[in-house]
Amino acid sequence: MTPAPAGAAPVLALDHVGVEWPGATAGAPPYVAVDDVSLSVARGEFVSVVGPTGCGKSTLLNVAAGLLAPTSGDVLVGGERLSGLNRRAGYLFQADALMPWRNARENVEAGLIFAGATRDEARERAEQWLRRVGLSGFGDRYPHELSGGMRKRVGLAQVLILQPEILLMDEPFSALDVQTRQLMENELLDLWSAERRSVVFITHDLEEAIALSDRIVLLSAGPATRPIGEFAIDLPRPRDVAEIRLTPRFLELHGRIWAALRSEVLKAYAVSQRLA
Amino acid sequence: MRSASGSRNGRPSRRARLAVYRVLLLVAVFAGWYALTATGVLPSFFFGRPLVVLRRVWEWFSSGKIYPHLAVTLVETVLAFAAGTLLGVAAGLWLGLSRTAASLLDPYIKAANAMPRVILAPIFAVWFGLGIASKVALGITLVFFIVFFNVFQGVREVSPVVLASVRMLGATRRQLLRHVYLPSATSWVFSSLHTSVGMAFVGAVVGEYLGSAAGVGYLILQAEGTFDIDTVFAGIVVLTAFALLLDFAVTRAERRLLTWRPRAPAERT
């Protein structure tokens, strides 16, 4: 949909991706979750994907992660066709994904240990990352001893310690209270501006998307989700997610994007009413 | 009237009172038993005489005669528990991860589990003799299925999100097994630990009772042969106390090994 920035191949590109689930009964038509989605993410770009609930946003992210093979189309990572898991991506899930039987430090270390790092080395870097996400001194706590926000931070450190080129985030902060959420959003922006990874951030919260992103891709209501619009967010950086919401430019962008999103939200709502 | 320190001491004193009541309850049961048998309401030939029972228990421990038998029963229990758990974990992991093997073996596992395995005791006695081995074999058949079903379930119910996340962090299949499936299954094994230790104990005692040369079950069998009901009851008392000790040890082990799990809000006592 968007041409890749001149010069480099996009870090991540979905090329006419479609995902279908087999019908509930034999002979039933397949359920089309995602229909012909093309999307590309440039190096260092923060892209948010916004759509009404149940529109297949997570499905799309799983395709980008290589956890789910698309029924049609291709995923290109750095210009190469993806088969199997996307090794250049880190994935921050919506639900808690920490290993409950390991403490915070061991969770953060995990990726390094899998890659064959020595215990000491992994431990040292895990401590560094725990410090960076504001959790030094909490390394020995088990996930159930941490608050929701702290667990998300551990999750962030767990993913970022591997320095993935692409960070896939699936409504990572949706379960947090508003204050913690804004704190986490600011921290995410800080970490991102320091490391300049590409981010694909999925959310149904338009304000969150505008506050964080360089670009927003709107998805239509499901089934057969497809992109229905793209908006460049030209708000200045560095941003403070709480303050930027009060600027005129933010409100203007919000008004424009919401106008486009609104009809899709209503459609999704109508579908859910029909099913109910 | 209640001072701050008084209310702080309130909890332990309540606990102490509870312990006293518990002991009193036990004493009351023995007293009732004594009253009923001494007055002849219950024939002491069938129901024993509690004082004789307690004296017998005392004699066993003071003379040291009971220790070799207890040791035999303990060794049987521990061996059956260890081997049954090991086999159960291995089989549970294997079938939990291989859908084909699981669906192939499913009816046979159900059948084997439904079978009252105590009837295998005579066969084991023929195969392995009257020593420790036949009791361990019986205990294994009891422990195996409990552990197996728990591990199987544990593997199947590993959170898909945790699994996907660990895969995205670069874990290989073997690393998944070691870092996700095994710890997850272990927690299920531990949740069944009380049951499986109990079953290992049952296997040991029943095995002894059905034919043996040593062990607490053997003492009971011997006494029964001479209609010495007091000794039978003494054996039961010893076995019960022993089972309680085992259970206590398991609780301690559990607390040490499962620190990562949230404690239940109301601690079980």
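Annotations
- On inspection, residue A:266 fails the criterion of being assigned by TED's automatic domain parsing to the domain that holds residue A:42 and part of a loop (DSSP other than H, G, I, E, B).
- Residue A:235 meets each of the listed conditions (1) surrounded by 18 or more Cβ atoms within 10 Å (Cβ to Cβ); (2) touching a Phe, Trp or Tyr at 6+ places or on another chain (Cβ under 9 Å); (3) over 19 Å from residue A:13 (Cα atoms) apart from (1).
- Flag if residue B:151 is over 21 Å from residue B:109 (Cβ atoms), modelled with pLDDT of 85 or more, touching a Leu at 6+ places or on another chain (Cβ under 7 Å) and assigned by TED's automatic domain parsing to the domain that holds residue B:245: no
- Within the range A:106-120, the residues that satisfy the criterion of being of a type outside the set (A, V, I, L, M) and in contact with a Leu (Cβ under 7 Å, 6 or more places away or on another chain) are A:107, A:111, A:114.
- Which numbered condition residue A:206 fails, given (1) at pLDDT 90 or above; (2) loosely packed, with under 13 Cβ neighbours inside 10 Å; (3) within 15 Å of residue A:50 (Cα to Cα): (2)
- Only one of the numbered conditions (1) under 27 Å from residue A:72 (Cβ atoms); (2) within 20 Å of the chain's Cα centre (by Cα); (3) not aromatic (Phe, Trp, Tyr) is violated by residue A:239, and that is (1).
- Selection count, the range A:29-47, where residues are farther than 19 Å from residue A:228 by Cα and of a type in the set (Gly, Ala, Ser): 2
- Scanning the range B:178-212 for residues that are among the hydroxyl-bearing types (Ser, Thr, Tyr) and either more than 19 Å from the chain's Cα centre (by Cα) or not in a helix (DSSP H, G or I) (or both) turns up B:181, B:184, B:192, B:212.
Residues checked against (1) at pLDDT 90 or above; (2) more than 14 Å from chain A (Cβ to nearest Cβ):
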{"position": "B:174", "(1), (2)": "yes, no"}
{"position": "B:186", "(1), (2)": "no, no"}
{"position": "B:194", "(1), (2)": "no, yes"}
{"position": "B:213", "(1), (2)": "no, yes"}
{"position": "B:227", "(1), (2)": "no, yes"}
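- 1 or more residues within 13 Å of another protein chain (Cβ to nearest Cβ) and not hydrophobic (A, V, I, L, M, F, W, C): qualifying helices (runs of 4 or more DSSP H) within the range A:73-175: A:104-114, A:148-160
- In this structure, residue B:241 qualifies as among the small types (Gly, Ala, Ser) and more than 13 Å from every other protein chain (Cβ to nearest Cβ).
- Filtered residue count, the range B:215-231, keeping only those that are crowded, with 19+ Cβ neighbours inside 10 Å and either within 17 Å of residue B:68 (Cβ to Cβ) or among the aliphatic types (A, V, I, L, M) (or both): 8
- Cβ pairs under 6 Å, 6+ apart, first in the range B:157-177 and not aliphatic (A, V, I, L, M), second not in a helix (DSSP H, G or I): B:165/A:93; B:165/A:97; B:170/A:115
- Residue list for the range B:148-171, filter: within 7 Å of chain A (Cβ to nearest Cβ) and surrounded by fewer than 17 Cβ atoms within 10 Å (Cβ to Cβ): B:161
The values are calculated or read from the model by the stated rules, or taken from the named source; none is laboratory data. Quick caveat, the model's predicted, so the values are computed rather than measured. Because the Cβ atoms are built from the backbone with ideal geometry, glycine has one as well, and the counts that use them run over all protein chains shown.
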